[in-house]
Structures are given as C-alpha cells and as structure tokens.
Amino acid sequence: MRLILGVLTLVIGLGSCVPAKKYNDLLAKEQNCSEELKKYKTSSLDYEAQLKTVQTRANLMQKDITQLKSDTTELGKSYRSLQAKYQQAISMGASFEKQLDKIKDSDAKHLARMRADLEAKIIETQRKEDALLSLEKELKNKQVLLADREQRVAELEEMISRQEMAVKALESKIAQALRGFENKGLKVEERNGKIYVSLEAKLLFASGSTFVEAEGRKAIIQLARAIEGDDQLEIIVEGHTDTDRLASGTHPKNNWELSVLRATSVVGIMTENTDINPAILSASGRSQYHPVDANDKSKNRRIEVIIAPRLDALFELISK
C-alpha cells in the first residue's frame with residue numbers, strides 16, 4: 001500500500017512531465033497488482049483456516065479420547081498402533097502447513113494438488129478417530145463385563161467364607177456336644193467343607209446286630225440335638241462293615257444289608273428323639289468297600305454321619 005501511495009505521489013509530482021497514457025498504464029498495473037495480491041491473500045487465508053480446523057479437530061480428538069486401559073494384549077496392540085498412526089497424521093498435517101507457507105505464491109495447480117492431499121489426510125484422520133472410538137466402546141463394554149464378573153466373584157468368595165465360618169462353628173458345636181465320648185470310638189473332623197462324625201461299631205452295635213446300644217444311642221441323640229433346627233444342612237448317615245462275611249438265614253443276610261440297616265437304625269433314633277427335620281436326612285450302606293484302615297478291621301466297622309451345608313444359593317449365583 002505504501003508502494004502504491006509512493007507511486008501515486010511520484011506520478012502527481014511529475015504529472016506535468018508524465019504523459020497520460022503512461023499514467024493510465026501505471027494505474028492499470030497497480031490495480032492488477034492489488035487484485036493479484038488480494039487473490040493470493042484470500043487463498044492463503046482459506047488454506048490457513050482449513051489447517052486451523054484440522055489442528056482444532058485433532059486437538060479436540062486428543063483431549064476427548066482417553067487412553068484405553070489394556071484389557072487384552074490384542075486390544076492394547078491395536079490401540080498403540082492406531083495412536084502412532086494418529087500422531088503421524090497430526091505431524092503430517094503440521095508438515096503440510098509448513099509446505100503451504102512455502103508455496104503460497106506457487107501456481108493454482110500445485111495448490112489444488114496439495115489441497116487434495118490435505119483432504120485425503122483429513123479423511124484418514126477421521127477414519128482413525130472412528131476406529132479409536134470403536135475400540136474405546138469395545139473396551140468399555142469389556143470393562144462393564146469385567147466389573148460384573150468381579151462383583152460375582154466377590155459375592156461367591158463372601159458366601160464361601162460365610163459357609164466356611166458356619167461349618168467351623170457347627171464343627172465346634174458338635175465336638176462340644178460329644179466331648180463325653182472322646183476316646184470311646186467317636187471322632188469329629190472337618191474335610192473339604194463337610195463335617196464327618198465317625199462312630200465305631202463298638203460304641204453302637206453288638207457284633208452282627210442292627211440294634212443300637214445305650215451308650216451309642218446317647219451319642220446319636222446328642223449329635224442330633226446339636227444340629228436340630230438347622231434346615232440348611234444335608235446329612236448322610238453311612239453304614240460301613242469289615243470284610244467278614246455274614247452267614248445268616250435271616251436279615252441281615254450280608255454286609256450290604258447290615259450296613260444299610262445300621263444306618264437306618266441311627267436315622268430312626270435321630271428322628272424319634274429330637275426335632276431334627278427328616279427331610280435333610282438320608283441313610284445309605286457302603287458295606288465293606290470303603291475301609292479306613294486295612295490293618296484294623298474294628299475301625300472299618302463304623303457309622304459315618306456326613307454333615308454338609310446346602311449349596312443351593314451358591315449354585316444359583318454361579319449359574320447366573
């Protein structure tokens with residue numbers, strides 16, 4: 001502008017010396033220069049605006065897209081790969097901005113080619129942004145699923161812990177109730193979340209008999225009273241014998257019958273003398289096939305009362 005004013009001042013100062021034709025030529029050239037300058041300034045501003053739009057969008061994407069937490073190795077690799085490409089696209093955008101600064105005065109064909117390249121990079125950047133958003137959504141879904149699984153595991157662990165504590169408390173209660181029968185062929189122990197009360201046959205039965213003797217009857221009643229009222233249990237009374245064969249024409253005819261009848265005798269004493277719920281009881285016989293001591297037959301002749309907590313709630317939680 002200063003150049004133009006200078007020219008005009010010079011022209012006016014020398015008006016009497018410069019022909020009208022040259023003056024008009026100078027004015028025409030000045031006008032053409034102004035139009036060309038305006039044209040290039042407009043093009044420059046347009047490209048700068050486009051570049052600023054790209055930079056703004058890139059900055060917004062970088063702020064909005066939080067770093068994905070590694071969920072699986074595959075997702076982590078995909079995320080890092082796409083992030084690297086995304087940063088590369090931003091760097092290329094900055095590079096194009098520098099190149100545009102250098103070629104503002106170049107021909108329109110070169111500018112058109114650069115604009116096409118820039119638009120292609122914008123499209124590629126958008127594609128990568130969409131891919132990142134898709135991965136973010138997938139990761140969030142997995143995080144929700146993981147949180148649900150973790151909550152269920154915590155519930156399971158809490159339920160198992162409560163049951164273990166209940167089993168320990170019940171074991172202590174049963175052991176206390178049967179303290180008077182220590183060293184008389186009775187043993188209480190906890191195995192795998194169940195309570196095993198083992199009563200040797202010598203405490204309960206005469207040889208080959210299914211009738212429970214007075215001392216054994218007392219032990220069975222005390223055991224039943226220790227657990228009566230708790231319907232969240234499953235109780236199995238198992239009869240066991242040694243390998244000696246029975247030779248009888250009446251019942252029991254063999255060890256299978258003897259083990260079963262002894263188990264049912266124990267169940268009968270429990271239900272007839274206490275308020276224990278019969279629905280939680282079952283009686284079975286295992287004959288001679290589950291010995292505990294190959295060198296001591298007397299230990300194999302026994303009644304085992306197996307007391308276990310009901311796992312309905314646990315199985316229901318697992319099946320969800």
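Bear in mind these aren't lab numbers, they're just calculated from the coordinates by the rules spelled out. Fair warning: this is a prediction, and the values are worked out from it, not measured in the lab. We place every Cβ from the backbone using ideal geometry, glycine too, and count neighbours over all the protein chains shown.
Could you tell me how far the Cα centroid of segment 78-104 sits from the Cα centroid of segment 199-219, in Å? Taking the Cα centre of each part, segment 199-219 and segment 78-104 sit 90 Å apart.
Where does segment 236-305 land on the Kirkwood hydrodynamic radius, alpha-carbon pairs, in angstrom?
About 12.6 Å, per the Kirkwood formula over Cα pairs.
Take the Cβ atoms of GLN99 and THR72, set R0 to 25 Å, and the FRET efficiency comes out at 0.05. Spin-label pair GLU155-ALA131: with each label point 7 Å from Cα along the Cα-Cβ axis, the two points sit 3.9 nm from one another. Peptides 90-98, 215-223, ordered by how many other C-beta atoms sit within 10 Å of their residues on average, highest first, read 215-223, 90-98. Under a 5 Å amide H cut-off, with hydrogens placed 1.01 Å from N, GLU234 pairs with ALA308, ARG310 among residues at least 5 apart or on other chains. Peptides 203-209, 144-150 ranked from most to least packed give 203-209, 144-150, packing being the mean of other C-beta atoms within 10 angstrom over each peptide's residues. Sorting the segments 285-298, 268-281 by their mean number of nearby beta carbons within 10 angstrom, highest to lowest, gives 268-281, 285-298. Between TYR23 and PHE211, the modelled labels are 15.2 nm apart [label points 7 Å from Cα along Cα→Cβ]. With the charge dipole of segment 226-277 set up from +1 on Lys and Arg Cβ and -1 on Asp and Glu Cβ about the Cα centre, the Cα lying farthest toward the positive end among the listed residues LEU233, LEU246, VAL260 is that of LEU246.
Phi angles across segment 224-232 convert, under the Karplus curve 6.51 cos²θ - 1.76 cosθ + 1.60 with θ = phi - 60°, into 3J(HN,Hα) values of 5, 5, 5, 10, 5, x, 9, 8, 9 Hz, Gly and Pro given as x.
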